[in-house]
Amino acid sequence: MDKLPEQSRRGKRAIRTLALIALLAIGLATCLVRTAEHVGRDLSGLGWRSGWRSYDDVDFSKYIIVKTLHSRELDFDRDDRRVIFIGDVHGRYDDLQNLLQKLRYSNASDLLVHTGDFLSKATLDSAQDVISFFSRDSVLGVRGNHDQKIVEWRAWMEWIRSHKGGKKWLEEMERMYEGGIGFEESSQAPLDSRPFLTSPRDWMRIPDDWDTEFMGEHYQIARSLTATQYEYLLSLPLVLHIPHLHTYVVHAGVLPHDPRFPFYAPHQPLARLPVIDDNDGDNDEFEDEERNVTALRLVQEKAVLDDVPQNSDNPWVVLNMRGVLEDGTITRKNSKGQPWSEIWNSIMELCDGYDDFWEDQRIIQADHDDRVDKLPCYASTVIYGHAATRGLDIKKWSKGLDSGCTYGRHLTSLVLSAPNASVPAVDGDAIEFGAEDSNIEAKIVQNRSTLQRGSIMGGSSCIHHRERIAELSSLKRSSSRTTALHDALERFRQGSIVHEIYTRMEIGCVKDMMSSQRPSSRAAFEAASRRLAPFGLGSDTVTRGEAPGLIAVNLPFDRLRAR
């Protein structure tokens, strides 16, 4: 009988204990919430909730995958019309104007189209001049991989500024960074140890993998854009399709098929006869008697962009691709895989029109690759940039126009005009463009860059002469930071063509001045001088650039020696 009251008392004590624990938990949770609100009260306006980032669903990329330039806009058959394609300008305004002067360019009669990457790797003032000119003249073009980074930074800035307190926070971050507070280890240190920040939480407002680029070259260009210039940048697609010329304009490249599968597989767009969709408004401009081939070609050219997943589903490919590995993986490395342009041209050579396939669609033997010697398609051309290391790369069905203007070589243009058009006569090399019966007159016109060779500008170094490379070959791997340079020199000696050494490849541990350090601080100047000293170079080789955020490091090769 006595056990029941005892059990009842134990049960009541357990209930009271649980209730107390619950109250303590509620109190602790309330305290944590209030603390989080106090600590992050200035973050709430930026979409933070209890310390969690919420920008994952924000579109900073602002992609326009494809735009089509229709015949009426191209106006190619006009007597005085020229279509001028320009390779990667990289902010070199003077070089751009010199080339246009050589071309006797007129915005009244000429249509100018660029291949992207037209802003980065130059002074800020020069980049501003380029985009002002392009936006003012309504120059057509596509985005490059560097342009895309500028778009994303500007979109992020706009997002930050759209929230309460965002503009003030951003200005404070920029002020502290430009003041050189802790910049010495800024890009290499862990997030929680970067002394120039107000707190580690500040970096968490910047998307993952962007942090080392804060206040770098792309950021500074993005910050400098006017609203009109930003709208121009946003208007650029990744691919510009010109059906009248059967041409794609793209920064890096496009693929004729999905390389993970045989090119003759039935689902590949060039391995099957195209079918016209009556609901496709793009075909309305064709007369009935023309639909047989002209409209079918348009359908198939669009299918190359829409049905090849690398061209449509992954913007990184058309912005960065240089080669394709054996397993179909895309690479941006020049030394890896097969150049995509070789794949493109090999497939275009198999295009044999539609006539035979209308008679017998079993021509393609899907089981035997070696028997497939023609495909139901018509060839088309790709005009692109991006591959400066390969230089001017002219093939029958692809035209690579990035000839290293930003590395002291040439700025290149491809000039097209209708036969017998009344256009200015300019010196250049005539090339073949399109099918033999197209009768398009095409000419490559180049102008040498005014950039002094052997200097580092905007974070990119330029080394062009074999004998200079030989002089540098004795450099030792003084640290892991010089590994990229060392490997580049080794590849050159083994026969590879290495015309330039890109951003972040360092000579004597000279850091990328645009993104790792702030040249507006005296300490950056002094740091560059210290790092050059072991290689026989003094502070006289370091000069301030033409705009804030730029340092030039001149490399007198006769004085450069191994550590």
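Looking across region 113-136 at every residue that is open to solvent by 10 Å² or more (accessible area, probe 1.4 Å) and free of Cβ contacts under 8 Å to residues at least 40 places away in the same chain, the one that is nearest to ALA425 (Cα to Cα) is identified as ARG136.
All of (1) of a type outside the set (Lys, Arg); (2) at pLDDT below 80; (3) under 30 Å from VAL66 (Cβ atoms) hold for SER224 with one exception: (2). Of all the residues in region 301-338, those that are in a helix (DSSP H, G or I) and farther than 30 Å from HIS70 by Cα number 0. Looking across region 264-274, just one residue is under 14 Å from ALA379 (Cβ atoms) and either open to solvent by 30 Å² or more (accessible area, probe 1.4 Å) or in contact with a Cys (Cβ under 6 Å, 6 or more places away or on another chain) (or both), and that is LEU270.
Hey, can you tell me all the residues within region 56-102 that are among the hydrophobic types (A, V, I, L, M, F, W, C) and more than 20 Å from SER135 (Cβ to Cβ)? Let's see the steps before the verdict.
Going residue by residue through region 56-102, those that are among the hydrophobic types (A, V, I, L, M, F, W, C) are 58, 60, 64-66, 69, 74, 76, 83-86, 89, 96, 99-100.
Those that are among the hydrophobic types (A, V, I, L, M, F, W, C) and more than 20 Å from SER135 (Cβ to Cβ): VAL58, PHE60, ILE65, VAL66, LEU74, PHE76.
For region 137-170, a residue qualifies if it is without any contact (Cβ under 8 Å) to a residue 12 or more places away in the chain and among the acidic types (Asp, Glu), and exactly one does: GLU158.
Among the residues of region 236-256, those that are open to solvent by less than 10 Å² (accessible area, probe 1.4 Å) and assigned to a loop (DSSP other than H, G, I, E, B) comprise LEU236, PRO237, LEU238, HIS251, ALA252, GLY253, VAL254, LEU255, PRO256. Screening SER417, SER398, SER403, SER449 for residues that are under 23 Å from GLY116 (Cα atoms), crowded, with 20+ Cβ neighbours inside 10 Å, among the polar types (S, T, N, Q) and within 19 Å of the chain's Cα centre (by Cα) leaves exactly one candidate, SER403. Of the set (1) at pLDDT below 95; (2) touching a Ser or Thr at 6+ places or on another chain (Cβ under 8 Å), all apply to GLN148 but (1).
Is one or more of the residues making up region 341-351 part of a loop (DSSP other than H, G, I, E, B), open to solvent by 70 Å² or more (accessible area, probe 1.4 Å) and on the phi < 0 side of the Ramachandran plot? Yes, the conditions are met somewhere in region 341-351.
Table: residues versus (1) at pLDDT below 95; (2) of a type in the set (A, V, I, L, M).
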site	(1), (2)
PHE76	yes, no
ILE86	no, yes
VAL89	no, yes
LYS102	no, no
LEU112	no, yes
THR115	no, no
ASP129	no, no
PHE133	no, no
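The values are calculated or read from the model by the stated rules, or taken from the named source; none is laboratory data. Remember, predicted model here, so these are calculated numbers, not experimental data. Neighbour counts are summed over all protein chains in view; Cβ atoms, including those assigned to glycine, are modelled from backbone coordinates with ideal geometry. Areas reflect the complete protein model, heavy atoms only, side chains present, ligands, DNA and RNA absent. Shrake-Rupley method; radii C 1.70, N 1.55, O 1.52, S 1.80 Å.
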